[in-house]
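In what follows, a structure is listed as structure tokens, so that the remarks can point back to it.
The values are calculated or read from the model by the stated rules, or taken from the named source; none is laboratory data. In this text, all values refer to a predicted model and were calculated from it rather than measured experimentally. As a convention, Cβ positions derive from the backbone with ideal geometry for all residues, glycine included, and neighbour counts pool all protein chains shown.
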């Protein structure tokens, strides 16, 4: 399952900071995560989001993310400054063109607070305006509560605790931060009930596609925390066939998880059977923490 779009420019960004009231933690590097609504809601429905953050010297922060509403997805990219109490806030508008003839304008507000040098939690709200073929639709994300972590690769005792959530990053980079990943484990700890991650693939026509990906719902987790899920399917249209081959592997533990993912698809001309385009991510590593 995929939802891709590409950045085309920033309309405006306004950055605000909360007042200083306490000694702040000192986060550094790339953080990732997001927010997931409970199953069986749609992966790409309202309330789902992936969020990435890079913390730099001098309290400067870069934020990127994708948030979903009923009319589609909206992208945001902003800068902010870390306040003395560990909080941050960014507010602005982003313009994207996910495909030819389609324009998306996203008004967003992100607030959050670092609880330590490796963890933060926050709230994201967005209004998405999608224009296609002269028709404009507007929708809202609602209030999305998200988590961010800077994982260290440690997973702790093997096995996934029931209801656990993992937040982290992949080896792919966005404009600034590494791309984010967020996983939600079922109450009995036996399956990944919901997951999302930012992704990028390179294609044979020398284009690069970016967006969000959802691994298969209810991918099994072994007692030792192992995941090995492969998803193959075909998307048909009047003129083309797209054959998708995706894989998601990993190991989850009491404190974190790590693994790999890969995405590939080939588009065929239905009339001739010739390959029109192929796209691949290669093997991408991911790490996450609770």
For segment 215-228 the number of residues that are within 30 Å of residue 63 (Cα to Cα) and surrounded by fewer than 21 Cβ atoms within 10 Å (Cβ to Cβ) is 4
Task: residue 28 exposed (fewer than 14 other Cβ atoms within 10 Å of the Cβ), closer than 18 Å to residue 177 by Cβ and either over 17 Å from the mean Cα position of the chain (by Cα) or modelled with pLDDT of 95 or more (or both) - done: yes
Residue set 157, 119; condition surrounded by fewer than 18 Cβ atoms within 10 Å (Cβ to Cβ) and modelled with pLDDT of 95 or more; output residue 157
Filtering segment 203-231 down to residues that are closer than 27 Å to residue 100 by Cα and either part of a strand (DSSP E or B) or free of Cβ contacts under 8 Å to residues at least 24 places away in the same chain (or both) yields 203, 206, 207, 208, 209, 210, 211, 212, 213
The correct count of residues that are over 13 Å from residue 71 (Cα atoms) and within 22 Å of the chain's Cα centre (by Cα) in segment 130-146 is 4
Restricting segment 42-85 to residues that are free of Cβ contacts under 8 Å to residues at least 40 places away in the same chain and under 17 Å from the mean Cα position of the chain (by Cα), the one surrounded by the fewest Cβ atoms within 10 Å (Cβ to Cβ) turns out to be 45
All conditions in (1) surrounded by 16 or more Cβ atoms within 10 Å (Cβ to Cβ); (2) under 17 Å from the mean Cα position of the chain (by Cα) are true of residue 266 except (2)
By residue number, the members of segment 187-198 that are surrounded by fewer than 23 Cβ atoms within 10 Å (Cβ to Cβ) and either closer than 21 Å to residue 67 by Cβ or touching a residue at least 40 places away in the same chain (Cβ under 8 Å) (or both) are 193
Restricted to segment 176-202 and to residues being within 12 Å of the chain's Cα centre (by Cα), farther than 20 Å from residue 42 by Cβ and in a strand (DSSP E or B), the residue modelled with the lowest pLDDT is 200
